[in-house]
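Asker: Starting off with a structure, shown below.
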Amino acid sequence: MTTMTMTSTRKAGWWYPWIFVGMFGVVVAVNGALAYFATSTFTGLQTEGAYEKGLAHNKALAAVRAEELLGWKVVPEIDPAAITTGGSITVTAKDRDGKPLNDLQVAVQLVRPTTAGYDSVVELEAQGNGLYQAPLKLPLPGLWDIKVLASRGQDQVETMRRVVLK
């Protein structure tokens with residue numbers, strides 16, 4: 001009597017389907033991670049009326065040309081104490097020849113580009129010799145955009161400056 005032992009041998013390439021399963025698993029894991037990070041991180045800020053602002057581009061270019069013809073130099077400065085105890089914002093305005101501009105209406109818009117809800121507008125008072133000033137206390141340190149609008153009649157100049165306050 002002979003006894004036969006059966007040995008099972010697998011066909012060559014039996015593991016090829018598992019390669020596809022593993023690759024799909026990696027794709028699903030990466031997509032899941034990307035979806036998680038896309039929904040749980042900073043969402044960004046939305047610009048109000050972005051389409052209308054885009055349509056007004058030519059008008060903005062014309063305003064820039066008119067500002068260049070005026071030659072006014074408007075420079076904002078923020079007192080560093082404006083973050084902690086309260087300080088002031090000062091704007092210096094001079095004409096093309098460096099003479100002070102004393103009869104302007106000056107307003108400053110302070111925008112926190114990374115956090116909504118902290119924007120404000122400050123009207124500055126003339127101090128003489130081309131200086132305009134107002135008290136200021138900012139709620140948070142960090143990045144701020146300062147937009148100065150100085151006007152006299154139909155003439156106006158708009159200046160932007162980005163500062164980091166600590």
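Asker: Among the numbered conditions (1) under 21 Å from Arg152 (Cα atoms); (2) touching a Leu at 6+ places or on another chain (Cβ under 8 Å), tell me where Val74 comes up short.
Answerer: So Val74 meets the others, but not (2).
Asker: Moving on. Which of the residues spanning region 32-73 are open to solvent by 60 Å² or more (accessible area, probe 1.4 Å), part of a helix (DSSP H, G or I) and closer than 30 Å to Asn102 by Cα?
Answerer: Lys59, Leu61, Val64, Arg65, Glu68, Leu69
Asker: Give just the number: which of (1) open to solvent by less than 40 Å² (accessible area, probe 1.4 Å); (2) touching a residue at least 40 places away in the same chain (Cβ under 8 Å) does Asp79 not satisfy?
Answerer: Going through the list (1) open to solvent by less than 40 Å² (accessible area, probe 1.4 Å); (2) touching a residue at least 40 places away in the same chain (Cβ under 8 Å), Asp79 breaks only (1).
Asker: Tell me, yes or no, whether region 35-44 has at least one residue that is at pLDDT below 85 and at positive phi.
Answerer: yes
Asker: Go through region 107-162 and give me each residue that's open to solvent by less than 20 Å² (accessible area, probe 1.4 Å) and β-branched (Val, Ile, Thr).
Answerer: Within region 107-162, Val108, Ile146, Val148, Val157 meet the criteria.
Here's the yes/no breakdown for (1) within 19 Å of Glu158 (Cα to Cα); (2) not in a strand (DSSP E or B):
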residue: Ala12; (1), (2): no, yes
residue: Val30; (1), (2): no, yes
residue: Ile89; (1), (2): yes, no
residue: Asn102; (1), (2): yes, yes
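Asker: Okay, moving on. Which members of region 119-166 meet the condition of being polar (S, T, N, Q) and either in a strand (DSSP E or B) or modelled with pLDDT of 90 or more (or both)?
Answerer: Ser120, Gln127, Asn129, Gln133, Ser151, Gln156, Thr159
Asker: Looking only at region 102-118, which residues are over 30 Å from Gly44 (Cβ atoms) and modelled with pLDDT under 90?
Answerer: Result: Asn102, Asp103.
The values are calculated or read from the model by the stated rules, or taken from the named source; none is laboratory data. Just so it is clear, the structure is predicted and the values come from calculations on it, not from any experiment. In this analysis, Cβ positions are derived from the backbone assuming ideal geometry, glycine residues included, and neighbour counts consider all displayed protein chains. Note: accessible area is taken over every heavy atom of the protein model, side chains too, but ligands, DNA and RNA are not part of it. Shrake-Rupley method; radii C 1.70, N 1.55, O 1.52, S 1.80 Å.
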